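First comes the structure, then the notes that go with it.
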Amino acid sequence: MTQDLAAFAAERGIKYFMISFTDLFGGQRAKLVPAQAIADMQAEGAGFAGFATWLDMTPAHPDMLAVPDPSSVIQLPWKPEVAWVASTCVMEDQEVAQAPRNVLRKLIGEAAEMGLHVKTGVEAEFFLLTADGARISDEYDTASKPCYDQQAVMRRYDVVREICDYMLELGWGPYQNDHEDANGQFEMNWEFDDVLATADKHSFFKFMVKSVAEKHGLRATFMPKPVEGLTGNGCHVHVSVWDAPGEAASTNVFASAGDGPTGEVGLGEQGKHFLGGIMSHASAMAAITNPTVNSYKRINAPRTMSGATWAPNTVTWTGNNRTHMVRVPGPGRFELRLPDGAANPYLLQAVIIAAGLDGIRNQSDPGKRHDIDMYAEGHKVRGAPKLPLNMLDALRAYDKDKGLKAAMGEEFSAAFLKLKQQEWDDFVSHFSRWEKENTLDI
């Protein structure tokens with residue numbers, strides 16, 4: 001039964017709703033709606049000018065209506081008179097095909113028709129910087145091996161504790177928080193869930209982390225490589241597929257012991273082919289999983305101060321080994337280590353499903369399992385594709401991958417490629433300080 005948002009507001013003492021949607025660049029857009037008006041908004045949607053956001057629209061387009069999805073509603077723990085709710089973008093009674101959450105919902109429907117229900121968990125890393133974003137907020141966080149530094153994490157206890165308390169209050173099942181591999185970097189983990197729920201939580205998590213950091217006079221960033229020489233912000237995704245959604249799920253259809261490179265690490269035939277789809281589309285997927293110019297400073301980074309980038313640059317998979325693009329840490333699931341903190345929470349999940357379903361339909365093989373240290377012995381691997389060197393290469397790879405483009409939706413793909421190409425053109429027209437320092441006297 002659909003939840004009545006007006007009743008929800010009356011029961012919880014909510015005065016305002018943030019009706020939110022995420023645009024193609026991952027920007028979170030919202031209107032603040034008084035609770036007295038939410039019944040009409042639930043029926044009709046809140047009006048937006050799509051051209052004013054990163055969607056491929058013009059000022060002549062009619063209103064885009066963001067119809068709140070009550071299953072996603074979250075009361076803000078730090079401001080309980082406000083509730084956030086994700087929405088379905090509609091225009092002239094048709095769902096907007098390029099809207100990221102709609103892209104994901106379409107692919108969830110396709111998977112369900114095949115009897116497959118994807119569950120995922122994300123590992124969202126972020127930095128805490130000074131309010132102006134100029135430097136790491138903790139002047140004492142200078143260790144060359146800062147990962148799991150207990151003094152450093154406790155110096156930011158007030159921020160980390162507040163965010164974790166809120167996740168506990170929301171019932172997300174947070175289970176660990178740590179100082180990550182870069183100075184000023186943190187990671188907070190919560191339980192995996194159905195893929196749409198994970199995407200909504202991921203979207204809200206980014207909003208919540210930024211809001212709490214601002215409350216403490218800091219700035220949180222999920223930028224892939226915000227500090228030169230330090231490990232970047234990844235957003236690893238753990239993927240499994242089940243026989244039913246939600247609590248009805250009883251069988252992990254990926255899990256199986258058996259022979260062969262995938263069976264030996266606990267992936268059955270469905271898991272093998274889903275992984276095969278990920279491997280065959282990886283270079284094109286990078287346009288979605290690593291969507292900014294800065295993303296490729298993480299993927300193709302030289303050795304960091306801690307000794308490792310923890311990011312892949314080659315399309316390889318392995319067992320429980322963190323130096324590859326995909327690792328299988330245990331039976332019935334795999335970890336995709338390609339995505340970074342700039343990934344759109346909805347498109348990230350959508351492209352994983354799109355690639356995986358294509359792999360199942362075509363019975364794709366993931367290829368050889370490599371159990372070596374890719375950072376030390378990667379040069380020994382022959383024939384494995386390299387990941388794109390920059391955003392333009394990734395966009396070109398996506399444009400050439402007709403199967404993935406079709407799976408994500410032709411309208412979405414055209415809009416995404418158009419706007420991202422404009423972003424690249426804007427970047428390369430920018431004159432940098434490096435150019436003057438290295439070219440002025442030639």
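The values are calculated or read from the model by the stated rules, or taken from the named source; none is laboratory data. Model, not experiment: these values are computed from the prediction. Reconstructed Cβ throughout: ideal geometry from the backbone, glycine too, with neighbour counts over all protein chains shown. The accessibility values were calculated without ligands, DNA or RNA, using every heavy atom of the protein model including side chains. Shrake-Rupley method; radii C 1.70, N 1.55, O 1.52, S 1.80 Å.
Observations on the structure shown:
- Counting heavy atoms of the protein chains alone, Lys420 has an accessible area of about 10 Å² for a 1.4 Å probe.
- Only lysines eight or more places from Lys106 in sequence, or on another chain, were considered; those with a Cα closer than 27 Å are Lys31, Lys119, Lys201, Lys206, Lys272, Lys400, Lys402, Lys405, Lys418, Lys420.
- Stretched out straight at 0.36 nm per residue, the stretch from Ala52 to Gln36 would grow longer than its current Cα-Cα span by 3.1 nm.
- Near Val118, the amide H atoms lying under 5 Å from its own belong to Val195, Trp242; only residues 5 or more places off or on other chains count, and H is placed 1.01 Å from N.
- Share of alpha-carbon pairs per 10 Å distance bin for the range 226-385, given as whole %: 11, 39, 36, 12, 2
- Apportionment of accessible area to carbon and sulfur, the range 1-148, percent (1.4 Å): 51
- Restriction of the chymotrypsin sites (Phe, Trp or Tyr not before Pro) in the range 129-172 to DSSP coil positions whose beta-carbon has at most 16 other beta-carbons within 10 angstrom yields Tyr140, Tyr148.
- Residue-level accessible surface for Arg155, protein heavy atoms, 1.4 Å, Å²: 90
- Helix-derived mean residue ellipticity, 222 nm - over the chain, DSSP H n ≥ 4, -39500 (n - 2.57), to 500: -11000 deg cm²/dmol
- For the chain, leaving out every one of the GluC sites (Glu not before Pro) that falls in a DSSP loop and has at most 16 other Cβ atoms within 10 Å, the longest unbroken run is 265-442.
- Look at the alpha carbon pairs under 8 Å that are at least 6 residues apart: their mean separation over the length of the chain gives a relative contact order of 15 percent.
- Label point distance in nm, Leu440-Glu169, each placed 7 Å from Cα along Cα→Cβ: 5.2
- Inter-label distance, nm, simple model (7 Å from Cα along the C-beta direction), Asp93/Glu191: 4.2
- Residues Glu11 and Ala406, FRET efficiency given R0 of 60 Å [Cβ-Cβ distance, rounded to 0.05]: 0.85
- The residues of the chain have, on average, 44 Å² of accessible surface per residue, using a 1.4 Å probe with all protein chains present.
- Local electrostatic count, Ile38, Cβ distance below 15 Å [Lys/Arg +1, Asp/Glu -1]: -3
- Neighbourhood charge, 11 Å Cβ-Cβ cut-off, centred on Gly50 and excluding it, Lys, Arg +1 and Asp, Glu -1: -2
- Relative contact order, percent, the range 216-337 [alpha-carbon distance under 8 Å, six or more residues apart]: 30
- The residue list Thr304, Thr314, Leu336 was ranked by how far each Cα lies along the charge dipole of the range 244-336 toward its positive end, using unit charges on Cβ atoms, and Thr304 comes out on top.
- Of all accessible heavy-atom area on the range 249-387, the percent that carbon and sulfur account for (1.4 Å): 48
- Solvent-accessible surface (1.4 angstrom probe) belonging to Ile288, in square angstrom, nearest 10: 0
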